[in-house]
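Enquirer: Mind looking over this structure? Questions follow.
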Amino acid sequence: MKNIDKNNISQEVFDLYDDYAHNKIQRREFVKKLSVYAVGGLTVSSLMSFLMPDYVNSIQVRADDPRIKSDYIHYDSEKGGGDIKALLSMPADLNGKVGGIVVVHENRGLNPYIEDTARIAALEGFVTIAPDALSPLGGYPGNDDDGRELQKKRDRNEMLEDFIAAYEFLQQHPDCNGNIGVVGFCFGGWISNMMAVKIPTLTAAVPFYGGQPTEDIDQINAPLMLQYAGLDTRVNEGWPNYEKALKEGNKEYVAFIYPEVNHGFHNNTTPRYNKEAADLAWTRTMDFFKDKLE
C-alpha cells in the first residue's frame with residue numbers, strides 16, 4: 001500500500017524501520033512494535049508494505065538504456081573476499097579517458113537501487129563500478145532481508161578490502177583517467193570514509209549518512225563531501241568528533257545536513273526518500289566529482 005500519506009505516519013515508525021534495517025531489532029520485534037501504530041484503518045501488513053523497498057517501480061536508468069554500457073564483471077580481491085562480482089557502467093559514447101567512481105552499497109548487498117545509482121552516475125560521464133560484497137556468499141539474494149542476514153556473516157574490514165580492490169581495478173581500466181572517487185550509502189558511507197583513510201591516492205569521497213572513522217583521520221588526503229540526514233541521530237552523533245579531527249588536520253571537506261529528512265533519504269525505493277533533499281545532494285555530489293575527477 002504505497003498510497004499511504006507518509007506525512008501522516010509517525011516519525012517513530014521510521015525510527016523503528018531504521019532499527020530493523022540496521023539489525024538493531026529482529027523482524028518479530030519489529031512487527032510487534034509496529035502494531036502500536038496500526039490505527040485508524042492502518043494494518044500492520046499495510047504499514048509493512050508501505051515501508052519496504054519498491055524496486056520494480058523505482059528504476060530510473062534501465063540496464064539496457066542505450067546511453068550507457070553496463071555489464072557485470074568480476075575482479076579479484078586478494079585481501080578480501082576473493083572473486084567479486086560488480087556492475088561496471090560507462091557512457092556509450094565514451095571518447096577518451098574519464099574519471100572513475102566506486103559506488104558502495106548499503107548493508108544488504110548490491111540491490112537494484114545501488115545498480116541504478118551506478119548507472120545514473122555513468123550517465124554523468126564517469127566509469128562506475130558497483131561491487132557486491134556478498135559475492136563470496138553467492139551474491140545479493142534478491143531481497144534485502146536475506147541480504148542483511150548474509151552481510152552480517154562477513155567481516156566489515158574484509159569487505160572494505162573488496163572496495164579498495166575495486167578502486168585498484170579502476171586504476172588499471174583503460175577508460176579511466178586515474179582520478180577515482182567513491183560514493184557510498186549507509187554501510188557504504190562508512191566504507192567511503194574508510195577508503196579515504198586507507199587509500200592515500202583516492203581523489204575524492206562522498207559518504208552519505210555514513211559512520212565516521214575514529215582513528216588515523218590524519219591519513220586522509222582526499223577531499224570529502226559529507227551528506228547527513230537531519231533526523232538521523234544514530235549516525236550524526238559521531239559527526240562532531242569527526243569534524244573536529246578534520247579541522248585539526250586541516251583537511252579539505254564540506255558537510256551538508258539536510259533538515260527534517262531521515263537516514264536513507266537518497267534511496268528512492270522507500271518512503272524515507274525525500275526527493276528535494278536527494279536531488280540537491282546528488283547534484284552536489286556530481287558537481288563535486290566533476291570538479292575533482294576530470
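The values are calculated or read from the model by the stated rules, or taken from the named source; none is laboratory data. Predicted model only: the values in this text are computed from it and were never measured. Here the Cβ is made from the backbone with ideal geometry for all residues, glycine too, and neighbour counts use every protein chain on show. Accessible surface areas use protein heavy atoms only, side chains included; no ligands, DNA or RNA. Shrake-Rupley method; radii C 1.70, N 1.55, O 1.52, S 1.80 Å.
Enquirer: Quickly run through the range 25-41 and pick out the residues that are closer than 13 Å to Asp145 by Cα and not aromatic (Phe, Trp, Tyr).
Expert: Ile25, Gln26, Arg27, Arg28, listed by residue number.
Enquirer: Which ones in the range 63-74 are acidic (Asp, Glu) and in a loop (DSSP other than H, G, I, E, B)?
Expert: Matches in the range 63-74: Asp64, Asp65.
Enquirer: With the condition kept exactly as written, say whether any residue in the range 101-111 is surrounded by fewer than 24 Cβ atoms within 10 Å (Cβ to Cβ), among the basic types (Lys, Arg) and either over 24 Å from Met52 (Cα atoms) or at pLDDT 95 or above (or both).
Expert: no
Enquirer: Of a type in the set (A, V, I, L, M, F, W, C), assigned to a strand (DSSP E or B) and out of contact with any helix residue (DSSP H, G or I) (no Cβ under 8 Å at 6 or more places or on another chain): does that describe Leu94?
Expert: no
Enquirer: Kindly indicate whether any position in the range 236-247 is polar (S, T, N, Q) and either in contact with a Phe, Trp or Tyr (Cβ under 6 Å, 6 or more places away or on another chain) or modelled with pLDDT under 95 (or both).
Expert: Yes: one or more hits.
Enquirer: So, of the residues in the range 3-62 that are acidic (Asp, Glu) and either loosely packed, with under 12 Cβ neighbours inside 10 Å or in a loop (DSSP other than H, G, I, E, B) (or both), which turns out to be modelled with the highest pLDDT?
Expert: If we take residues in the range 3-62 being acidic (Asp, Glu) and either loosely packed, with under 12 Cβ neighbours inside 10 Å or in a loop (DSSP other than H, G, I, E, B) (or both), then Asp54 is modelled with the highest pLDDT.
Enquirer: I need the full set of residues from the range 63-92 which are among the charged types (D, E, K, R) and either closer than 16 Å to Glu115 by Cβ or open to solvent by less than 40 Å² (accessible area, probe 1.4 Å) (or both), in order please.
Expert: Asp64, Asp65, Arg67, Lys69, Asp71, Lys85
Enquirer: Which strands (runs of 3 or more DSSP E) does the range 170-286 wholly contain that include 1 or more residues that are over 23 Å from Gly99 (Cα atoms) and open to solvent by 40 Å² or more (accessible area, probe 1.4 Å)?
Expert: 253-258
Enquirer: Which is without any contact (Cβ under 8 Å) to a residue 40 or more places away in the chain and within 22 Å of the chain's Cα centre (by Cα), of Ile84, Ile68, Ile25, Ile59?
Expert: One residue alone meets the criteria, Ile25.
Enquirer: Anything in the range 129-167 that is assigned to a helix (DSSP H, G or I) and closer than 25 Å to Ser49 by Cβ? List them, or say none.
Expert: Asp144, Asp145, Asp146, Gly147, Arg148, Glu149, Leu150, Gln151
Enquirer: Please go through the range 28-56 and pick out each residue that is in contact (Cβ under 8 Å) with a residue 24 or more places away in the chain and within 30 Å of Asp93 (Cβ to Cβ).
Expert: Tyr55
Enquirer: Among the candidates Gly142, Gly188, single out the residue that is out of contact with any Leu (no Cβ under 6 Å at 6 or more places or on another chain), farther than 22 Å from Val235 by Cβ and of a type outside the set (Asp, Glu).
Expert: Gly142
Enquirer: Sort through Asp132, Asp162, Asp155 and tell me the only one that's closer than 20 Å to Gly82 by Cα and open to solvent by 30 Å² or more (accessible area, probe 1.4 Å).
Expert: Asp155 is the lone residue from the list that is closer than 20 Å to Gly82 by Cα and open to solvent by 30 Å² or more (accessible area, probe 1.4 Å).
Enquirer: Follow-up. Got a sec? Which of Gly99, Gly82 is under 30 Å from Asp291 (Cβ atoms), touching a helix residue (DSSP H, G or I) at 6+ places or on another chain (Cβ under 7 Å) and of a type outside the set (D, E, K, R)?
Expert: Exactly one residue qualifies, and that residue is Gly99.
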